[in-house]
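Data block below; observations after.
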Amino acid sequence: MRKIRINLLALMTTVTTTAIAAPTIHFEVSFKEPQAHYAEIKMEISDLRKDHIDVKMPVWTPGSYLVREYARHVESVEACDADGEYLAVEKIDKNTWRIQSDQAKKVTFSYRIYGFEVSVRTNFIDDSHAFLSPAATFMYVDGMIGHPADITIIPHANWSRISTGLEAVAGKPNRFHAADFDILFDSPIEVGNQDVFTFEAAGVHHEIAMVGGGNYDKERLKADCATIVEEATAIFGINPNKRYVFIVHNYQSGGGGLEHLNSTVLGATRNGYQSERSYVGFLGLVAHEYFHLWNVKRLRPRELGPFDYDKENYTSALWIMEGFTAYYDNLLLRRCDFLDETNYLQTLANDVNAVENRPGNDVQSVALASFDAWIKYYRPDENSANTSVSYYNKGALMALLLDLKILAATQGEKRLDDILKAAYEKFYMKEKRGFEEGEFQALIEQLAGTSVADIFDAARAVGPLDYNSYLSAVGYELVDYNKGLALPDIGFSTTADEGRMMVTGVARGTGAWNGGINVRDEILAINGERMDAGGRELNRLMQTAAVGDQLDVLIARDGKIRELTVTLTESTKGAFRIVPMPNASPEQKELGQIWLSLN
C-alpha cells in the first residue's frame, strides 16, 4: 500500500506541475532580406492559456524622451497554434494586437519590422549589419513586463558576430536571456561583422564593438576608456556590472549616444580618431554615457522607473540626470588629464555662452525643459532657440554651481561626488527606489551643511545664473569680453543653399525680429548691395555698422520680392570666459586646486 501511495503522489505531483507550468516567452530573430532593411520576428508564447492575448510594441525607448511610434514599422502580422493552425489577430489600438488564442498551449506570433533610420535609438538594417533597438523590435504581453524572455538571433549568412549586453544562455549558441522586459528593452543588439576587442577596468570586463571601420588605435582606445572607467567608478565606489558593451557606429560624420544598463550605443566619425580634438570629443561621449550607468540607469527620479512603455513618462529632473552627467563628462576628461585646465575651463564657458546667449533662457526654466522634453527637445523647429533651453548644458551649469557651493561650505572636505555617491547608496542600493527632487535636495543640504535652495529655485526660474557668486569661492570669475562694446546685431542667421543666402533663424527682440524677417526668406540685397550666399558681404557691412542704423533689406519670400527695414539693435550676446581672479586669496586658490585637480 505504501508503494502505491507514493506512485499516486508522484503522479499527482506530475499532473499538478504540468497544469501550472509557468508561461515562457521566446523570440527568434532572422534576416531574410537585410538589403531591403527587414528583420523577421517570431514570438513564441507557451503555457499562457488564455482566451485572447494582447501583445504590445513600446512607443518610446528609455533615455530618449520622445514618442517614436515604433509600431509604424511593423507589418505582416500573423499568429498560429502549436499545430500550425492560424489564429485570428486584430489590431485594437496603435501599438496593440489581440490574438484570439482560445486557450492554446503555444502561440507563435510572427511579424516583420522595417529599420532604416540612422540613430542610436532606432533600428537600422542593411546588407552589412543590423542594429536592433529592442523597444523598436520586441513586443511584450500586456501585463507581463516583469516576465523573463529568451532571444535567439539567427545572423544573416554573411554575418559572424553578435554584440549585446544580454546574458548568453550556456550551451545554446546565439541565444540570450533577459530576466524581464525592462532589461530586454535596455539591451541593444548589434549583428554583423563588427571589430570586437576587450579590456578590463574596475573589475569589469568591457567589450568594444566597432561597426563601420575607422582609423582608431585599438590600444589607445582601450587604455583611455579604461582610465575613464576607473575614474567614474571611483566617484561611486562600486561598479554594478560584471560586463559592459560599447557598440560604436562609425559614420562618415557621426555623433550622439544612448545609455543602457550595461551597455551603450555611440555614434562617431569614422576617420576622426586621429584628430586630437575629435578624439577627445569621442572620449567625452564615452565618459557621458558610461557615467549614466549610475546616474539615471540606477540613481533616478521616481518617475523614471518602472516605465510605462505606452506613453510619455514625465519628469522635471532631467536637468539632474542629463545635466549632471553632462557636467561630469568633461570633469572626468579633466581628471583623466585628457583636458588641461585651460581647455576644461573653455568647455564650461562654452556652456555658459550657449545658455546665456539663447533667448529661450528667459522663457523656459531648466525644470520645465526637462518636463517638456517629450514635445520640445526632440522636436526642435526654427523658433526653438527663442522659446527653450537645453537641460543638458544648463543642467551642467547647475551641477557646477552645486559642486562649487558644496566645496565652499565644507572647506573642500566634500563636493558633488560625495552627494551622488550617498544618493546612489541610499536610493538605489538600500531603498531600491527612485527619489523625489525634494529628497535629493534635502540629502545635499544634510551632507553639505548648507542650504542649496538658491540653486534648486533657479532650476524652476528663468534668466541668467549668478555664476560669480559661486566661482569666486574657488578663485575664478566669469568675464564677458563683449561687455560695454555696444555691438550691433542684425538678429538673423543664414545658410548657403544653392547659391542663395537663406534665413535659418531670427532671434527674439532683435532688429530682424522687429523688422519682420522670416525663416526661409532669401536675402537678396542690403542697402542696395547684393548679398552672396556665404555671407562675406554681410560680414563686411556689419563691420562698419552701428547700433541704431537702418538697413533696407530686399528679400524673396514665397516667390515674391519684398523690401523690409531693419533697425540694428545692440547685441545682448556675451563672449564669456572663466579665468582666475587676479586677487584670489590663498584659501580661494586652495579650493580651486581641489576643484580642478587631477585624481
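The values are calculated or read from the model by the stated rules, or taken from the named source; none is laboratory data. Since the model is a prediction, treat every value here as computed from it, not as a measurement. When we count neighbours, we look across all protein chains shown, and the Cβ atoms used for this are built from the backbone with ideal geometry, even at glycine. Please note that ligands, DNA and RNA were not included when accessible areas were found on the heavy atoms of the full protein model with its side chains. Shrake-Rupley method; radii C 1.70, N 1.55, O 1.52, S 1.80 Å.
Sort Arg175, Arg243 by heavy-atom solvent-accessible area, probe 1.4 angstrom, most to least. Can you show the working numbers first?
Details: Arg175 55, Arg243 80 Å².
Result of the area sort, largest leading: Arg243, Arg175.
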Query raised in the report: Taking θ as phi - 60°, what are the ³J(HN,Hα) couplings along region 202-218 by the Karplus curve (6.51, -1.76, 1.60), each to the nearest whole Hz, with x for Gly and Pro?
Result: 6, x, 10, 7, 10, 10, 10, 10, 8, 10, x, x, x, 9, 6, 9, 4
Report summary line: In the chain the accessible area split gives carbon plus sulfur, as whole percent at 1.4 Å, a share of 49 percent
**Report entry** Efficiency of FRET from Cβ geometry, Glu477 and Asp549, R₀ 22 Å, rounded to 0.05
**Finding:** 0.05
Query raised in the report: Going from the alpha-carbon gyration tensor of region 253-395, what semi-axes, largest first and in whole Å, does one get by taking the root of 5 times each eigenvalue?
Result: 25, 20, 15
Query raised in the report: Short version: what are the Cα gyration tensor semi-axes of region 550-591, square root of 5 times each eigenvalue, largest first, in whole Å?
Result: 51, 12, 5
Query - Heavy atoms of Ile183 accessible to a 1.4 Å probe, total area in Å² rounded to 10 - result: 60 Å²
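Counting only C-alpha contacts under 8 Å and six or more residues apart, can you give the relative contact order of the chain as a whole percent?
Details: 1237 pairs, mean separation 57.5, N = 599.
Once divided by the residue count of the chain, the mean separation gives 10 percent.
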Report summary line: SASA check, Thr24, accessible area w/ 1.4 Å probe, all protein chains in place, rounded to nearest 10 Å², comes out at 70 Å²
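Between beta-carbons, use under 15 Å as the cut-off and find the net charge around Phe116, counting Lys and Arg +1, Asp and Glu -1.
Values: positive: Arg68, Arg72, Arg112, Arg121; negative: Glu33, Glu75, Glu117, Asp126, Asp127.
Computed value for this residue: -1.
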Report summary line: One checks the Cα atoms of region 490-599 and finds Rg and Dmax, in Å, of 20.8, 66
Report task. Give a residue-ordered list of calculated ³J(HN,Hα) values for region 587-599 (Karplus: 6.51 cos²θ - 1.76 cosθ + 1.60, θ = phi - 60°; whole Hz; x for Gly, Pro). Result -> 5, 5, 4, 5, 5, x, 5, 5, 4, 9, 5, 7, 8
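Ratio of Rg to Rh for region 199-331, alpha carbon only, Kirkwood? Walk me through the intermediate numbers first.
Details: Rg = 15.1 Å, Rh = 15.5 Å.
Rg divided by Rh gives 0.98.
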Query raised in the report: Once both labels are modelled 7 Å past Cα along the beta-carbon direction, what's the Glu436-Lys311 spacing in nm?
Result: 2.2 nm
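Considering only Cα-Cα distances, which of the following residue pairs are longer than 22 Å: Lys311/Lys376; Lys172/Lys222; Lys56/Lys376; Lys297/Lys426; Lys56/Lys106?
Working: Lys311/Lys376 16 Å; Lys172/Lys222 30 Å; Lys56/Lys376 26 Å; Lys297/Lys426 15 Å; Lys56/Lys106 18 Å.
Long pairs (Cα-Cα over 22 Å): Lys172/Lys222; Lys56/Lys376.
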Requested in this report: For an R0 of 22 angstrom, estimate the FRET efficiency from the Cβ-Cβ distance between His52 and Lys94 and round to the nearest 0.05.
Outcome: 0.75
Report summary line: Taking Cα atoms only, Rg over Rh for region 454-540 with Rh from the Kirkwood formula is 1.16
Query raised in the report: Stretch Ile238-Lys106 to full length: gain in nm at 0.36 nm per residue minus the Cα-Cα span?
Result: 43.2 nm
Report summary line: Rounded to the nearest 10 Å², the 1.4 Å probe accessible area of Glu382 is 90 Å²
Report summary line: Placing each pseudo-label 7 Å from Cα in the direction of the beta carbon, Asp83 and Val462 end up separated by a distance in nanometres of 6.7 nm
Query - Å² of accessible area per residue within the chain, as computed with a 1.4 Å probe and no ligands counted - result: 44 Å²
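So, by mean Cβ neighbours within 10 angstrom, what's the order for 298-310, 395-407 with the highest one leading? Provide the component values of the computation, followed by the final result.
Numbers: 298-310: 17.8, 395-407: 23.5.
Descending mean neighbour count gives 395-407, 298-310.
Relative contact order (percent) for region 469-599, with alpha-carbon contacts under 8 angstrom and 6 or more residues of separation? If you can, show how the numbers build up before the last one.
On the way: 241 pairs, mean separation 45.4, N = 131.
With pairs under 8 Å counted, the relative contact order is 35 percent.
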Query raised in the report: Using alpha carbon centroids, what distance separates region 313-359 and region 213-233, in Å?
Result: 21 Å
Query raised in the report: Taking Cα centroids, how far is region 465-528 from region 104-129 in Å?
Result: 44 Å
**Report entry** Cα centroid separation - region 581-599 against region 77-92, whole Å
**Finding:** 69 Å
Requested in this report: State, to one decimal in nm, how far the label point of Glu382 lies from the label point of Ala556, with both points 7 Å from Cα in the Cβ direction.
Outcome: 1.6 nm
Requested in this report: State the dimensionless ratio Rg/Rh of the chain (Rg: radius of gyration of Cα atoms; Rh: Kirkwood radius).
Outcome: 1.04
Query - In Hz, Karplus ³J(HN,Hα) per residue of region 325-334 (6.51, -1.76, 1.60; θ = phi - 60°; x = Gly, Pro) - result: 5, 5, 5, 6, 4, 6, 5, 5, 4, 5
